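Working notes, structure below.
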Amino acid sequence: MRAFATLLERLVYTRSRNAKLKLIGDYLKETPDPDRGWALAALTGGLDLPAIKPALIRALVEERVDPVLFYLSRDYVGDTAETVSLIWPRPDHVPETDLDLSLGAVVERMRSLSRSEAPGVLAAYLDRLEPEERFALLKMATGALRVGVTARLAKTALAQAFGLDVDAVEEVWHGIAPPYPTLFAWAEGQGAQPRAEALPVFRSFMLAHALEDVRVDMADYAAEWKWDGIRVQLVHAGGETRLYSRAGDDITRGFPEVATAFRAPGVLDGELMVKGEAQGADEHGGAAASFNALQQRLNRKAVTAKMLADYPAFVRLYDIMFDGTEDLRELPWTERRQRLETFAAKLDPARFDVSSLIEAEDFTTLEAIRAGARDASIEGVMLKRRDSAYVAGRRVGLWYKWKRDPLTADCVVMYAQRGNGRRSSYYSDFTFGCWTDEGELLPVGKAYSGITDEELKWLDRWVRNHTVQRFGPVREVEKSLVFEVAFDSIHSSGRHKSGVAMRFPRIARIRTDKPAAEADRLETLQRLIT
Ligand SMILES: Nc1ncnc2c1ncn2[C@@H]1O[C@H](COP(=O)(O)OP(=O)(O)OP(=O)(O)O)[C@@H](O)[C@H]1O
């Protein structure tokens, strides 16, 4: 940690660009791997320590540092990391351990921390480090170094120190991960320049247009199910595996079971989903759960063993971009499909399968098949032009998405709340319910979208005139108004007394023409559960 701490300290007090370039360049030349790689990641903003949050540092401060002293000192010093590093109380007795305090060891430990371990480990490091090293550690932990170094400056320093072209560094940058072993090997003449096609970089996805009032000739288009998961690009190159999201974000760490199972060099395109209950034979392929299950795995930084067991992920593949380093994107879909099937045969069937094709001799047949699809993991149909190359972005006529028609139910309005923003003075968020067999109304969903400004005002007035009780901001209303609610699907939910929850509910119509007693029964919704 010492050398990196010294570097940061000097950078803070150095104004001149050339002096900064030299400081960083010298550091990168003199420091061994993997420390210099982690330092470069920190300087370029590429260091990700998921378990460390500003709140954690605040909590540590509250526990270990006199808060009055902290706030007074911070007013004077102006920087939380520096303040904490200066006033962190050195414990009377630091137990002897073989804690490795090299930069690489510290960063690698911090990257693998669970959230519950984080406070203890961070405190243990702070107890053992010197003030300037603590400063370096806290700077890394809080994400932004703020030492007056941009990512470009750090890369320029690297390029100048090793006689490389900075643009060549940029070119390979997105395909390499810290601590950048291949980059340093190349910089020191020990290895070749990492080649883009041999790197686990993200390539733009091919996207679809919505099918609107078009009927296509099934001789020209192949049909597949539109699976309700998230788009994923699987890349294995240069010995590394990466999973990228629709937006190109690296989501590898969120799905370790998929990443470790993908070890064949190539780039594949597919839908990331969670396995479903084995609800008997699944006619469309292996059983997948509804999006609701996948949601449990999204946006989580740490993946617990329980998550992996309860919501195991797999990928339903539908395209191939590279086989090894061979770029297949120019091939027509039919050929890519064959290559995909051959490629997929090498993969673990527990984690990968190939999206099945829908056999429909003409469009009318396809229409009927689509209308009959009731699987929770299906969102509609995709149509892909058989002779089309894999083209990045959305191009008319190549891929179409044809979503399932939304489902609807007539529900009775039960509660209303004020909305947000422009709607904050209107009762515009509604909870509605359906009848049980015993004649009880149970809430089945909440919606606020789908109404016009006129309707918004009308509903606001209606709510105010039909309130039967108030619970804080919520008004319970007379059970007399019916909404036709549209939604994408229904799943069972332990969180609601009704046992059901709607996906994407929106108000399709206000049904002043329908008596509340004739609204739908819960049983009707239960039958739609997928
Ligand atoms: N068999 C499939 N082939 C291609 N895409 C599929 C398939 N099954 C599901 N999808 C999903 O459908 C989306 C296709 O629609 P589009 O290209 O417009 O992307 P999108 O903007 O993410 O769409 P949406 O939000 O409507 O799913 C893909 O992003 C992908 O996640």
Checklist entry - What about D75, is it within 15 Å of M1 (Cα to Cα) and more than 25 Å from the chain's Cα centre (by Cα)? => result no
Next on the checklist: Report every pair of residues separated by at least 6 positions or lying on different chains whose Cβ atoms are under 6 Å apart, first residue within region 296-307 and within 13 Å of E257 (Cα to Cα), second modelled with pLDDT of 85 or more and in a loop (DSSP other than H, G, I, E, B).
Outcome noted: R297/Y311
Next on the checklist: Can you tell me how many residues within region 175-213 are aromatic (F, W, Y) and at pLDDT below 80?
Outcome noted: 1
Next on the checklist: Looking at the structure I just gave you, is G433 on the phi > 0 side of the Ramachandran plot and in the same structural domain as S493 (by TED's automatic domain parsing)?
Outcome noted: no
Item to check | Positions within region 34-56 being touching a residue at least 40 places away in the same chain (Cβ under 8 Å) and in a helix (DSSP H, G or I), in sequence order | outcome: D35, R36, G37, W38, A39, L40, A41, A42, L43, P54, L56
Next on the checklist: Which condition from (1) buried (at least 18 other Cβ atoms within 10 Å of the Cβ); (2) in contact (Cβ under 8 Å) with a residue 40 or more places away in the chain; (3) touching a Phe, Trp or Tyr at 6+ places or on another chain (Cβ under 9 Å); (4) not assigned by TED's automatic domain parsing to the domain that holds A81 is the one that V106 breaks?
Outcome noted: (4)
Checklist outcome for this item: Given the conditions (1) within 25 Å of the chain's Cα centre (by Cα); (2) loosely packed, with under 14 Cβ neighbours inside 10 Å, every one holds for W173 apart from (2)
Item to check | Extreme residue, farthest from the chain's Cα centre (by Cα), among residues of region 81-98 that are buried (at least 16 other Cβ atoms within 10 Å of the Cβ) and within 16 Å of M1 (Cβ to Cβ) | outcome: W88
Next on the checklist: Being more than 30 Å from M218 (Cβ to Cβ) and of a type in the set (V, I, T) is the filter here; which residues of region 396-445 pass it?
Outcome noted: V412, V413, T431, T436, V444
Checklist outcome for this item: Going through region 402-417 in order, the residues found to be modelled with pLDDT of 95 or more and out of contact with any helix residue (DSSP H, G or I) (no Cβ under 7 Å at 6 or more places or on another chain) are C411, V413, M414, Y415, Q417
Checklist entry - Looking at region 282-295, is at least one residue within 13 Å of the ligand (Cβ to nearest atom), polar (S, T, N, Q) and surrounded by 17 or more Cβ atoms within 10 Å (Cβ to Cβ)? => result no
Next on the checklist: Tell me yes or no: at least one residue of region 328-344 is among the small types (G, A, S) and within 16 Å of the ligand (Cβ to nearest atom).
Outcome noted: yes
Item to check | Verdict on R404 being within 12 Å of the ligand (Cβ to nearest atom) and farther than 20 Å from A371 by Cβ | outcome: no
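From the list V68, V61, pick out the single residue that is among the β-branched types (V, I, T), farther than 24 Å from A124 by Cβ and part of a helix (DSSP H, G or I).
V68
Go through region 284-300 and give me each residue that's assigned to a loop (DSSP other than H, G, I, E, B) and modelled with pLDDT of 80 or more.
A287, A289, Q296, R297, L298
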Item to check | Residue under evaluation D353, criteria (1) within 14 Å of the ligand (Cβ to nearest atom); (2) out of contact with any Lys or Arg (no Cβ under 8 Å at 6 or more places or on another chain), criterion not met | outcome: (2)
Checklist entry - Just one of R374, R385, R370 is farther than 25 Å from G175 by Cα and more than 16 Å from the ligand (Cβ to nearest atom); which is it? => result R374
Checklist entry - Do we have L86 as touching a residue at least 24 places away in the same chain (Cβ under 8 Å), in a helix (DSSP H, G or I) and closer than 24 Å to A302 by Cα here? => result no
Item to check | Candidates A51, A59 - the one that is crowded, with 20+ Cβ neighbours inside 10 Å and within 24 Å of S116 (Cβ to Cβ) | outcome: A51
Checklist entry - Can you tell me how many residues in region 388-398 are within 12 Å of the ligand (Cβ to nearest atom) and in contact with a helix residue (DSSP H, G or I) (Cβ under 9 Å, 6 or more places away or on another chain)? => result 2
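The values are calculated or read from the model by the stated rules, or taken from the named source; none is laboratory data. Owing to the predicted nature of the structure, the values given are computational and were not obtained by experimental measurement. Cβ coordinates were reconstructed from backbone atoms using ideal geometry, including for glycine residues, and neighbour counts include every protein chain displayed.
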